[in-house]
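The values are calculated or read from the model by the stated rules, or taken from the named source; none is laboratory data. Not measured: the values here are computed from a predicted model. Don't worry about glycine lacking a Cβ; one is built from the backbone with ideal geometry, like all the others, and counts go over all protein chains shown. In case anyone asks, the SASA skips ligands and DNA or RNA and just uses the protein heavy atoms, side chains included. Shrake-Rupley method; radii C 1.70, N 1.55, O 1.52, S 1.80 Å.
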Amino acid sequence: MGEKKAVSINIISSCICRDCFEIAKRELMNHEYKIDLFYQAISPLSIYSKTDEELLKITENDLVFGTPWMKRLILADFRKNPFDSIEERKDTFLLLDLSDLARALYRLFSDDSAYIINTDMVTKNTEVIKKYVKCTVYPWELPKEYVEECIDRFVDDLSKRYDSDKTILCKIHHAGKYLSKDGKIGAFSTPVSTYNEFIDYCTDCFIKAYAKKGEGLHIIEMPENALAYELHKWGNYSRHYCNEYYEYLLASIDCCVSQYDKETEKKILDILLSKCERDFERIYTIAELKERVENSTATIKEKDAILKDRDAIIKEKDAIIKEKDLVDKENIALNEELRNIRVSKSFKIGRFLTYIPRKLRRKK
């Protein structure tokens, strides 16, 4: 087997794209991948908003939570300058998804048009930033004109640094259901439809922005029936999927990196998508069968318990019948003895009356 070609990947995404290189089987791929850059939790709706002069003064030392890498991400959002550290790499593939655009934003006191992204990294530094935060805003509450403008600017910055034929967009949906640790299907309490609708809207705007430039992208579709996974390494969350999804995602990335002609690429991606959807259908089927078996087992146990109770009742009834028979026999014996006693007493009384002297009898 020939040596695999080395490929450099830069990732601007949620953890989803990075995780596929850690969870999926790299040895099955046609290329040897090296991750040069991973930029997480970047929202154009935040980075193209107005800056807050006070937030610009915050340093890594002021932040109380996070690794140096996390703190740099937070500060880049405060300073609105993430692209200062994303150099031009025309020889590198860019991998990204737009799911972080659906994250909530913090609106700042300094200006109603100033935002920072609301992530776990930021909220765990609440004590540092709370005096700057006015309220929470959900991105679908923002004007569409602003959303589209931010996405257009995002595409401009990306296209300056990466060739579109080496840019891979992964469509992402939040999963509404998850596979539990015991193989059952559970549902998240928070509805995901609003998030997914907004992500789809942003994704369409993103693709159209590239089309305006006369440029196309590699696009990897999301299986509609994908499941999250309770035992995911980062915990049970609607964007932490079963391993089957990451296997599909990495295989699809490998296909896009191979630089087939568009028709061949689409055929391969369609085949990979269909296989992934069948894999999830199989998971649903197995979970359904497992639930049926468990329900049947529970029903059988319940019936066994009823039968055992019935057997116990029957045994108790038989014991009572036997006891009743003994009591009846005792009653018969006692009645017989009582009858004999009565007969005996009557006989003696009769003999006593017979032998009373005539002189003591009353005269008629």
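Could you please give the count of residues in segment 241-257 that are over 17 Å from K177 (Cβ atoms) and not hydrophobic (A, V, I, L, M, F, W, C)?
5
Please pick out the residue among A305, A319, A298, A251 that is among the small types (G, A, S), assigned to a helix (DSSP H, G or I) and modelled with pLDDT of 95 or more.
A251
Just give me the residues in segment 112-141 being loosely packed, with under 15 Cβ neighbours inside 10 Å, of a type outside the set (A, V, I, L, M, F, W, C) and under 23 Å from C202 (Cβ atoms), in sequence order.
D112, S113, D120, T123, T136, Y138, E141
Could you list, in sequence order, all residues of segment 19-36 that are outside any loop (DSSP other than H, G, I, E, B) and aliphatic (A, V, I, L, M)?
I23, L28, I35
Would you please name the residue that is nearest to R107 (Cα to Cα), looking only at residues in segment 142-155 that are open to solvent by less than 60 Å² (accessible area, probe 1.4 Å) and of a type outside the set (A, V, I, L, M, F, W, C)?
Ranking the candidates gives Y146 first.
Select from segment 212-234 the residues that are modelled with pLDDT of 95 or more and not in a loop (DSSP other than H, G, I, E, B) and list them in ascending order.
H218, I219, I220, A228, Y229
Looking at K130 and the list (1) over 27 Å from V257 (Cβ atoms); (2) modelled with pLDDT of 95 or more, which single condition is not satisfied?
(2)
Name the pairs whose Cβ atoms lie under 6 Å apart, with the first residue in segment 230-257 and of a type in the set (G, A, S), the second assigned to a loop (DSSP other than H, G, I, E, B) and open to solvent by 20 Å² or more (accessible area, probe 1.4 Å), and 6 or more positions between them or separate chains?
Close Cβ pairs (under 6 Å, with a partner that is assigned to a loop (DSSP other than H, G, I, E, B) and open to solvent by 20 Å² or more (accessible area, probe 1.4 Å)) amount to S238/F188; S238/V192.
Considering only segment 162-182, state which residues are within 17 Å of H240 (Cβ to Cβ), in contact with a helix residue (DSSP H, G or I) (Cβ under 8 Å, 6 or more places away or on another chain) and open to solvent by less than 20 Å² (accessible area, probe 1.4 Å).
Hits for segment 162-182 are C170, I172, H174.
Restricting to segment 199-241, and then to whatever is hydroxyl-bearing (S, T, Y) and either touching a Phe, Trp or Tyr at 6+ places or on another chain (Cβ under 9 Å) or over 18 Å from K262 (Cα atoms) (or both), can you tell me which residue is most open to solvent (accessible area, probe 1.4 Å)?
Result: Y237.
What are the pairs, 6+ residues apart or on separate chains, where a residue within segment 66-83 that is without any contact (Cβ under 8 Å) to a residue 12 or more places away in the chain and surrounded by fewer than 17 Cβ atoms within 10 Å (Cβ to Cβ) has its Cβ under 7 Å from a residue that is in a helix (DSSP H, G or I) and not hydrophobic (A, V, I, L, M, F, W, C)?
P68/E60
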